[in-house]
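In what follows, a structure is listed as structure tokens, so that the remarks can point back to it.
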Amino acid sequence: HAAAADVFVTLNVVGPDVVLRIEDHGVGFDPENERNQPGLGLSSMAERVALIQGRISVASEVGRGTTVEVRVPLAGCTQ
């Protein structure tokens, strides 16, 4: 949907969290408008992240691309 030529994905440990970041320079969208649309996209992602005690943030702007960041605590994980 993004019409992006490139997508950048990083997975890092930052302090007590695992951080997944997905960024594109595609067409972007208006996040406020998207929340009011029917469907499962962003709300489904948020529900799934919440199930693992994580947090999700979505930043997007029409014509500028989208960044999705998910942070999940490492607490309780064994090494």
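The values are calculated or read from the model by the stated rules, or taken from the named source; none is laboratory data. This one's a predicted model, so the numbers in the text were calculated from it and none came from an experiment. Glycine gets a Cβ as well: all are built from the backbone with ideal geometry, and neighbour counts include every protein chain shown. With ligands, DNA and RNA removed, areas are computed over all heavy atoms of the protein, side chains included. Shrake-Rupley method; radii C 1.70, N 1.55, O 1.52, S 1.80 Å.
Would you mind finding the one in Val13, Val9, Val18 that is assigned to a strand (DSSP E or B), at pLDDT 90 or above and open to solvent by less than 80 Å² (accessible area, probe 1.4 Å)? Can you show your working first?
Numbers: Val13 fails: open to solvent by less than 80 Å² (accessible area, probe 1.4 Å); Val9 fails: open to solvent by less than 80 Å² (accessible area, probe 1.4 Å).
So the residue among Val13, Val9, Val18 that is assigned to a strand (DSSP E or B), at pLDDT 90 or above and open to solvent by less than 80 Å² (accessible area, probe 1.4 Å) is Val18.
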- Message: Show the residue pairs meeting these rules: Cβ distance below 9 Å; 6+ apart or different chains; first residue within segment 35-63 and over 20 Å from Ala2 (Cβ atoms); second residue modelled with pLDDT of 90 or more and open to solvent by 70 Å² or more (accessible area, probe 1.4 Å).
- Response: Gly54/Arg48
